[in-house]
């Protein structure tokens with residue numbers, strides 16, 4: 001059996017409705033339903049539809065035409081959402097910039113997208129060497145949202161294949177790359193989310209709006225008239241628990257670090273989780289104990305998903321999967337996703353062998369923004385996206401991610417995949433979180449350094465204990481050679497563990 005899994009949709013999808021038209025549908029069907037809750041602010045679908053109309057009219061008045069770029073340099077907020085939807089209605093493409101990116105990264109994005117309009121916070125600025133087009137500040141948006149709407153017949157004619165957004169990678173390995181999505185792709189993502197979406201959900205949003213998990217989910221949120229409950233920035237465990245208690249959250253997702261902090265917070269005991277119907281995990285290695293604790297406390301299914309900025313959706317565990325499947329794998333392909341594990345020559349490997357994870361689906365990006373060479377480097381002639389992740393496909397069809405191609409290190413001639421070691425470390429009862437990087441070594445070529453956050457500083461594990469633990473579960477050469485204890489693991493702007501920062505922190509050997 002080869003490392004290849006393909007599934008097909010049960011029926012041909014219906015013609016795609018435009019994302020902004022779904023807002024009209026939602027406002028017509030549920031005008032008084034809350035669309036967004038953010039702190040003390042609440043808006044209905046009727047308000048959101050009217051604000052999107054006003055912003056679209058403002059853009060058209062400023063000369064924006066179909067296919068031009070509107071850049072949002074805003075924190076996650078209701079105003080962000082109204083701007084995005086207004087841009088969609090005007091036929092513009094939204095480029096959302098994560099506010100944690102550095103000036104050079106922001107300048108690179110602005111230079112490549114050539115926005116006609118850039119929306120920024122009051123008092124904020126853009127890098128001087130980049131042209132942001134016309135700058136609108138947050139204080140200008142009240143007037144923009146209240147602008148007299150343009151009659152529908154005067155809005156530009158749009159198509160399901162028109163781009164809706166550019167989602168930027170975190171930029172940890174160079175200039176950020178912009179993944180382009182259209183209405184068709186967003187509709188395909190909605191078809192493939194599975195158990196993580198239901199009509200009328202109240203969804204807790206814990207990642208920045210510039211993240212692919214928000215930018216490409218707009219179609220789904222509108223289709224199901226979802227209420228988005230925004231955790232805000234910076235993320236805090238106490239605020240997450242408050243929102244679950246007070247806002248009737250039915251669907252909550254987060255990375256393992258966030259869920260671990262939530263479960264360790266003093267407010268946990270006073271929080272009622274009875275309305276949460278499903279919890280999602282992803283983005284890092286998961287300790288089986290974390291999944292078990294989540295199921296015990298939340299009393300609902302816990303689902304692990306695998307995706308990327310470029311893939312949109314890929315795989316997911318299912319409600320009812322045992323804890324070890326949820327913790328150790330990222331599940332099986334979504335209905336429209338073909339999954340293939342390949343060697344360096346692009347040929348499928350045997351089941352159980354490590355190879356690069358590739359996938360093909362109507363939900364993936366259409367390509368990198370104005371970068372045909374970059375696009376060709378990751379999407380092959382058969383339409384498969386090369387993720388750069390290394391994985392193993394089990395006989396049950398579940399995928400296990402064992403690391404990144406660029407993160408694999410060679411210790412004494414043997415390949416070591418950090419995610420595999422991290423999973424073993426995370427299962428140790430004294431380890432709260434762990435990350436592993438390879439560093440140069442004069443004798444072995446490279447060795448592994450484990451960065452560990454201990455459950456208790458008073459009972460922090462030592463290197464010998466962790467090496468013995470790993471050797472009992474993995475090949476002996478995979479056991480880490482060095483140990484660095486941290487209070488917390490550094491994360492990127494997308495809330496993933498920052499391996500580059502960890503590598504830079506490695507202390508030189510005596």
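The values are calculated or read from the model by the stated rules, or taken from the named source; none is laboratory data. As the structure is a prediction and not an experimental result, all values here were calculated from the model. Note that we place each Cβ from the backbone using ideal geometry, even for glycine, and neighbour counts take in every protein chain shown.
In the condition set (1) in contact with a helix residue (DSSP H, G or I) (Cβ under 8 Å, 6 or more places away or on another chain); (2) buried (at least 24 other Cβ atoms within 10 Å of the Cβ), residue 101 is compliant with all but (2). Considering only the range 370-378, I want to know if a residue exists there that is modelled with pLDDT of 95 or more and either touching a helix residue (DSSP H, G or I) at 6+ places or on another chain (Cβ under 7 Å) or not assigned by TED's automatic domain parsing to the domain that holds residue 257 (or both). Looking for residues that are modelled with pLDDT of 95 or more and either touching a helix residue (DSSP H, G or I) at 6+ places or on another chain (Cβ under 7 Å) or not assigned by TED's automatic domain parsing to the domain that holds residue 257 (or both), one finds at least one in the range 370-378, hence yes.
Taking the options 81, 92, 104, name whichever one is within 25 Å of the chain's Cα centre (by Cα), closer than 22 Å to residue 42 by Cα and assigned by TED's automatic domain parsing to the domain that holds residue 181. Explain how you work it out, then say what you get.
Working: 92 fails: closer than 22 Å to residue 42 by Cα; 104 fails: closer than 22 Å to residue 42 by Cα.
On inspection, the qualifying residue turns out to be 81.
Scanning the range 138-167 for residues that are closer than 18 Å to residue 98 by Cα and over 27 Å from the mean Cα position of the chain (by Cα) turns up nothing.
Residues are listed down the side, and each one gets a yes or a no for (1) surrounded by 22 or more Cβ atoms within 10 Å (Cβ to Cβ); (2) under 16 Å from residue 500 (Cβ atoms); (3) in contact with a strand residue (DSSP E or B) (Cβ under 9 Å, 6 or more places away or on another chain):
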position	(1), (2), (3)
397	no, no, yes
403	yes, yes, yes
406	no, yes, yes
409	yes, yes, yes
412	no, no, yes
418	yes, yes, yes
427	no, no, no
430	no, no, yes
434	yes, no, yes
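One line per residue, one yes/no per condition, for (1) in contact with a helix residue (DSSP H, G or I) (Cβ under 6 Å, 6 or more places away or on another chain); (2) in contact (Cβ under 8 Å) with a residue 60 or more places away in the chain; (3) surrounded by 23 or more Cβ atoms within 10 Å (Cβ to Cβ):
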residue: 224; (1), (2), (3): no, no, no
residue: 240; (1), (2), (3): yes, no, yes
residue: 247; (1), (2), (3): no, yes, no
residue: 250; (1), (2), (3): no, no, no
residue: 265; (1), (2), (3): yes, no, no
residue: 274; (1), (2), (3): no, no, no
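Checking the stated criteria, residue 458 turns out not to satisfy the condition of being farther than 27 Å from residue 233 by Cβ, touching a helix residue (DSSP H, G or I) at 6+ places or on another chain (Cβ under 7 Å) and free of Cβ contacts under 8 Å to residues at least 60 places away in the same chain. The set of residues in the range 393-410 being assigned to a strand (DSSP E or B) and either at pLDDT 95 or above or out of contact with any helix residue (DSSP H, G or I) (no Cβ under 9 Å at 6 or more places or on another chain) (or both) consists of 393, 399, 410. Residues of the range 103-128 being in contact (Cβ under 8 Å) with a residue 40 or more places away in the chain and assigned to a loop (DSSP other than H, G, I, E, B), which ones? Scanning the range 103-128 gives 114, 115, 116, 121, 124, 126.
Could you tell me whether any residue of the range 334-342 is at pLDDT 95 or above, touching a strand residue (DSSP E or B) at 6+ places or on another chain (Cβ under 8 Å) and surrounded by fewer than 22 Cβ atoms within 10 Å (Cβ to Cβ)?
Kept after step one, since they are at pLDDT 95 or above, are these residues of the range 334-342: 334-342.
From what's left, touching a strand residue (DSSP E or B) at 6+ places or on another chain (Cβ under 8 Å): 334, 337-342.
Keeping just the survivors that are surrounded by fewer than 22 Cβ atoms within 10 Å (Cβ to Cβ) gives 338, 342.
Yes, there is a match, as at least one residue in the range 334-342 is at pLDDT 95 or above, touching a strand residue (DSSP E or B) at 6+ places or on another chain (Cβ under 8 Å) and surrounded by fewer than 22 Cβ atoms within 10 Å (Cβ to Cβ).
For the structure I just gave you, tell me whether residue 200 is under 21 Å from residue 426 (Cα atoms) and either in the same structural domain as residue 162 (by TED's automatic domain parsing) or surrounded by fewer than 17 Cβ atoms within 10 Å (Cβ to Cβ) (or both). When the stated conditions are applied, residue 200 does not pass them. Hey, can you tell me all the residues within the range 60-102 that are in a loop (DSSP other than H, G, I, E, B), over 23 Å from residue 139 (Cβ atoms) and modelled with pLDDT of 95 or more? Scanning the range 60-102 gives 65, 66, 67, 68, 91. All told, residue 57 falls short of being under 17 Å from residue 152 (Cα atoms) and at pLDDT below 95.
Considering the range 28-52, the residues that are in contact with a strand residue (DSSP E or B) (Cβ under 6 Å, 6 or more places away or on another chain) and touching a residue at least 40 places away in the same chain (Cβ under 8 Å) include one that is nearest to residue 91 (Cα to Cα), namely 45.
What tally of residues in the range 276-298 results from selecting those that are farther than 21 Å from residue 454 by Cβ and either more than 19 Å from the chain's Cα centre (by Cα) or surrounded by fewer than 15 Cβ atoms within 10 Å (Cβ to Cβ) (or both)?
Here the count works out to 6.
Once the range 458-487 is narrowed to residues that are in contact with a strand residue (DSSP E or B) (Cβ under 8 Å, 6 or more places away or on another chain) and exposed (fewer than 15 other Cβ atoms within 10 Å of the Cβ), the residue that is nearest to residue 405 (Cα to Cα) is 475. In summary, residue 61 fulfils each of the numbered conditions (1) surrounded by 23 or more Cβ atoms within 10 Å (Cβ to Cβ); (2) over 17 Å from residue 94 (Cα atoms); (3) out of contact with any strand residue (DSSP E or B) (no Cβ under 8 Å at 6 or more places or on another chain) with the single exception of condition (1).
Of the helices (runs of 4 or more DSSP H) contained entirely in the range 129-232, those carrying at least 3 residues that are within 24 Å of residue 118 (Cα to Cα) fall at 141-145, 212-215. For the range 299-308, the set of residues classified as within 29 Å of residue 384 (Cβ to Cβ) and surrounded by 21 or more Cβ atoms within 10 Å (Cβ to Cβ) consists of 303, 304, 305, 306, 307, listed by residue number. Any residue at all in the range 488-498 that's touching a strand residue (DSSP E or B) at 6+ places or on another chain (Cβ under 6 Å), modelled with pLDDT of 90 or more and surrounded by 14 or more Cβ atoms within 10 Å (Cβ to Cβ)? Checked against the condition, which is being touching a strand residue (DSSP E or B) at 6+ places or on another chain (Cβ under 6 Å), modelled with pLDDT of 90 or more and surrounded by 14 or more Cβ atoms within 10 Å (Cβ to Cβ), the range 488-498 yields at least one hit.
Scanning the range 416-463 for residues that are part of a strand (DSSP E or B) and closer than 20 Å to residue 329 by Cα gives 416, 431, 432, 433, 434, 435, 436.
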